[in-house]
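Before any comments, here is the structure.
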Amino acid sequence: MRVPVCSPQSNHSPAPSSAVSGKLISDPNGNSNWILVSDPHHHRHQAALEWDENVVRNMDWDDIVNDLGLDDELTSPELTHHPLHLYESYSGLNHQNPSPDNYFDPNTGNFNLGFEFDVIEELIRAAECFETQELQLAGVISARLNQRLPAPIGKPLQRAAFYFNEALQSLLTEPTRPIRSSSWSEIVQTIKAYKSFSEINPIPMFNHFTTNQALLEALDDGSAPLIHIIDFDIGFGGQYASLMREMAERNDQYSRNFIRITAVVPEEYVFETRLIKDILSQFAQELGLRFQIEFVLLPTFQALSFKAFKFITGEKTAILLSPAVFRYQCLNVTTFVSDLRRVNPSVVMVVDGELWMESGMKSFRKNFVKGLEFYAVMFESLDAAGGEWARKVETLLLRQRIFSAVESASRGTAPAWREVFRGAGMRAVRLSQLADFQAESLLLKVKTRGFHVARRQAELVLCWDGTALSATSAWRC
């Protein structure tokens, strides 16, 4: 999910300043609390890459926690999904003992596990048993691995193996996880984890900058007084603060447009919707923008498709989505695209943060291994940044994604969405040079080395040492 982000240069929440005002909201228990919101005219002339630093100043999450008492150059290299190639190495074809000394050898480009490789082999065997419906044996193997993987510690691959084994066990004992709303404390901790994730890793801001720039370019012709954004992955909506600020700072007709957002959210997204609406409405009011946000529950959209939304004649429409809506939310991609084309949006933005699932493989075991590879690399990129919040990001954010990915793989992967898009007549639009520049400039501000931006046809891709981690693309009918 997407949430407020902050500058990677900041390691703590900024202190309130004279440009900060208060905003009263209520927690789920009815207790009133103040959220700090900065003056919309403060730092008005800062560069584009400081947008999200302003967002953090506007949303001082540390203050929320205290108030609520919850202390607790573009090149196009050949992109690979993962250099680990676990499936080939641990499917019984390769039993060479890896060196226990190092995880990654920069001279050879090979990964060494640093712990017993048979743990990974056993984990893959458990996944294979699940695929062949040998569920009892899969459970025995997974339970045995608990002794070898007692906690998410050690090298990145070892920690990833812990979470994937945990997800597999959950799938064996509870194939369908019950729907549960997050508590207020859990929401705050998740927000803080995303804030930290954005400080140590460029993925969130890369996605936000490229998406917002494409939206501005697609909607910025002054031809329509109404702008309608339909978002299938709104998170906590922090990306819209930077978008609205840019709109407000334009001294033209565009800045006087009426912005509507319709977000499709799961049933359990109860407290989050209140928080999103409260903060974005207040922020738009201070910027002098006309703004409205509505929410449509996922089951309603599943039943009515795009008829669940209100459309106004003459408005320009943009759609934001992640392929996760097809993988995890059981939406039929072919039907979705067919209905989408009837809406004829100005642009469809797709942010794919799980590129390992894009091939459309049906094998649970292969998808399980590809996911394990992907998150091992993701964890490695977090280790390169260091900091106490790296492990909390894994626990509070990435663990949930791993569980969802494993559950999705058990149902069978959705068709490759790019092929369906092209087959339905959708065409990918190359993102502008400004989007390229912003992405490259962003990486210059990131202290962690190893990230780079590449082109893959019309997509802009963020990579870590040659591994594609996230891709943003724009599509039109």
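Note: region 248-318, Cα convex hull, 86 Å³ per residue. Inter-label distance, ARG144 to GLU315: 5.8 nm, where each label sits 7 Å from its Cα along the C-beta direction.
Within region 274-424, the percentage of alpha carbon pairs spaced more than 20 angstrom apart rounds to 62%. Available extension along the chain between LEU226 and ILE153 is 21.2 nm, counting 0.36 nm per residue and deducting the alpha carbon span. The fraction of all Cα pairs in region 319-362 landing in successive 5 Å bins from 0 to the largest distance is 5, 18, 28, 29, 13, 5, 1, given as whole percents.
Give the separation of the Cα centroids, region 124-189 to region 410-477, in Å. Taking the Cα centre of each part, region 124-189 and region 410-477 sit 30 Å apart.
Surface composition of region 307-393: carbon and sulfur atoms hold 48% of the protein heavy-atom accessible area at a 1.4 Å probe. Note on GLN136 and SER432: the model spin-label points, each 7 Å out from Cα along the C-beta direction, lie 6.4 nm apart.
With the simple spin-label model, which puts each label point 7 Å out from Cα in the Cβ direction, the THR300 to GLN400 separation comes to 2.1 nm. Mean projected area of the Cα convex hull of region 122-205, taken over all directions, amounts to 7.4 nm². Sorting the segments 279-289, 157-167 by their residues' average number of neighbouring beta-carbon atoms within 10 angstrom, most packed first, yields 157-167, 279-289.
Could you pull out every one of the lysines with an alpha carbon less than 18 Å from that of LYS316, ignoring same-chain neighbours closer than 8 positions? Partners found: LYS307. For the residue pairs LYS155/LYS370; LYS155/LYS392; LYS277/LYS392; LYS195/LYS370, alpha carbon separations beyond 20 Å are given by LYS277/LYS392; LYS195/LYS370. For region 294-394, the solvent-accessible area works out to 38 Å² per residue, with a probe of 1.4 Å and every protein chain left in place. Principal axis extents of the C-alpha atoms in region 336-477 (largest first, rounded to whole Å): 48, 40, 23.
The values are calculated or read from the model by the stated rules, or taken from the named source; none is laboratory data. Predicted model only: the values in this text are computed from it and were never measured. Neighbour counts are summed over all protein chains in view; Cβ atoms, including those assigned to glycine, are modelled from backbone coordinates with ideal geometry. Side chains included, ligands, DNA and RNA excluded: accessible areas come from the protein's heavy atoms. Shrake-Rupley method; radii C 1.70, N 1.55, O 1.52, S 1.80 Å.
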